[in-house]
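The values are calculated or read from the model by the stated rules, or taken from the named source; none is laboratory data. Please read all numbers here as calculations on a predicted model, not as lab measurements. Here the Cβ positions follow ideal geometry from the backbone for every residue, glycine too, while neighbour counts run over all protein chains shown. Surface accessibility is based on the protein's heavy atoms, side chains included, excluding ligands, DNA and RNA. Shrake-Rupley method; radii C 1.70, N 1.55, O 1.52, S 1.80 Å.
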Amino acid sequence: MSQRVRGVVARAKGQPVESTTVVVPDPGPGEAVVAVRTCGVCHTDLHYREGGINDDFPFLLGHEAAGVVEAVGEGVADLQAGDFVVLNWRAVCGRCRACLRGRPQYCFDTHNAQQRMTLEDGTELSPALGIGAFADKTLVAAGQCTKVDPQAAPAAVGLLGCGVMAGIGAAVNTGGVTRGDSVAVIGCGGVGDAAIAGANLVGAHRIIAVDVEERKLRWARRFGAHHTVNAAETDPVQAIRDLTGGFGADVVIEAVGTPRTYEQAFYARDLAGTVVLVGVPTPDMRLDLPLLDVFGRGGALKSSWYGDCLPSRDFPVLVDLYLQGRLDLDGFVSERVGLDEVEEAFARMERGEVLRSVVVL
């Protein structure tokens, strides 16, 4: 029997979101219904509200979530009611060319639940990133549920569902940061600070945080930055070189997503160093770099999509590190809010006042 729950919906481009009744069907084959415990307020949800992803309104927002499995559908063998899970938007298919080559973290055919949640009048909802977790309960593909240790705080570990995993993975998975590396991170919001935390976790010997706001640089120090550079006052490329013996960093992570900051990242790396783009650009942005410089500096220019993570591999390990006190996921939670406070949380996020607001249900 379908259930009626509270959910936060964006009905039209640029319009304030609203809390309304959402109809959640029973899980079908390969699906699960999850009772949401917490859900982070992510920039991606704001992009959906602003029509920056697509125009499939109305959207059921929210995707950075943790919860408890309530029911599973036919054919679900590795998940059962009562499991504590972090939701993810990369349910791998196991059949595409990436999966068959043993690279499921690059799966080209990730999937979501087949059924659609609706409004009471039957209008089908588009769940953000196939999840839609600004709701008391949500319907997802079973593969979008990753079981983790239930002792973990939902508000903290739920953030692995998007931004924190994107940042940690950009450093560790995509950038390959390892012990002794020098790392610079440009942009110290939630994703950038997660990249700093990831670099610190694997033993980078010098971590440089770059931003234009002192508040964000203070946050970066909390997560392990050894040096900070205010790019509003100092040329960040020269500052990074000065802090690395004149050479540049081994890995530079660009967590803003603009041509200007990408160019800074490109020239702030050492010869044969690596640039990782994890900041999300807009469709109109273009990059102009001398091709000779691209050739002459060597190294690698990479993009990181969801931190090149494999949730079944990465989430449980990171949650264990959190429970051991080695990864400060609690530090990303700036405030806890109710389901009817999402619009105000968006405003605080846009003003740069918070790392993450977390909706608690």
Open item on the list: Pull out all pairs, ordered by first then second residue, where Cβ-Cβ is under 8 Å, the residues are six or more apart or on different chains, the first lies in the stretch 213-242 and is on the phi > 0 side of the Ramachandran plot, and the second is part of a strand (DSSP E or B).
Closed with: 224/207
Task: Selection from the stretch 10-28 of residues that are without any contact (Cβ under 8 Å) to a residue 60 or more places away in the chain and touching a Gly at 6+ places or on another chain (Cβ under 6 Å) - done: 13
Open item on the list: Considering only residues that are among the hydrophobic types (A, V, I, L, M, F, W, C) and either open to solvent by 70 Å² or more (accessible area, probe 1.4 Å) or farther than 22 Å from residue 185 by Cβ (or both), which ones fall in the stretch 289-314?
Closed with: 291, 292, 295, 301, 305, 310
- [ ] Kindly indicate which of 209, 153, 184, 220 is at pLDDT 95 or above and within 30 Å of residue 82 (Cβ to Cβ).
- [x] 153
Open item on the list: Where the second residue is part of a helix (DSSP H, G or I) and open to solvent by 10 Å² or more (accessible area, probe 1.4 Å) and the first is at positive phi and hydrophobic (A, V, I, L, M, F, W, C) and lies in the stretch 262-282, which pairs have Cβ atoms under 9 Å and are six or more apart or on separate chains?
Closed with: 272/297
Task: Some residue of the stretch 40-49 being basic (Lys, Arg) and under 18 Å from the mean Cα position of the chain (by Cα) - done: yes
Task: Counted residues, the stretch 316-328 - those being over 17 Å from residue 191 (Cβ atoms) and touching a residue at least 40 places away in the same chain (Cβ under 8 Å) - done: 7
Open item on the list: With at pLDDT below 95 and under 15 Å from residue 144 (Cα atoms) as the only criterion, which of 51, 67, 94 stands out?
Closed with: 94
Open item on the list: Looking for something acidic (Asp, Glu), touching a Pro at 6+ places or on another chain (Cβ under 9 Å) and assigned to a helix (DSSP H, G or I) - is there at least one such residue anywhere in the stretch 305-325?
Closed with: no
Task: Near pairs, Cβ below 7 angstrom, 6+ apart or cross-chain, from the stretch 329-354 (open to solvent by 30 Å² or more (accessible area, probe 1.4 Å)) to any residue that is assigned to a loop (DSSP other than H, G, I, E, B) and among the aliphatic types (A, V, I, L, M) - done: 330/153; 334/354; 334/355; 335/354; 343/17; 348/354
Task: Residue in the stretch 73-87 that is under 30 Å from residue 174 (Cβ atoms), open to solvent by 50 Å² or more (accessible area, probe 1.4 Å), modelled with pLDDT of 95 or more and of a type in the set (A, V, I, L, M) present - done: no
Open item on the list: On the basis of being modelled with pLDDT under 95 and within 22 Å of residue 89 (Cα to Cα), does residue 311 make the cut?
Closed with: no
TODO: Taking residue 273 as the residue in question, decide whether it is surrounded by 15 or more Cβ atoms within 10 Å (Cβ to Cβ), of a type outside the set (Val, Ile, Thr) and under 12 Å from residue 187 (Cα atoms).
DONE: no
Open item on the list: If I go through the stretch 222-256 residue by residue, how many of them are within 12 Å of residue 189 (Cα to Cα) and either out of contact with any strand residue (DSSP E or B) (no Cβ under 6 Å at 6 or more places or on another chain) or hydrophobic (A, V, I, L, M, F, W, C) (or both)?
Closed with: 3
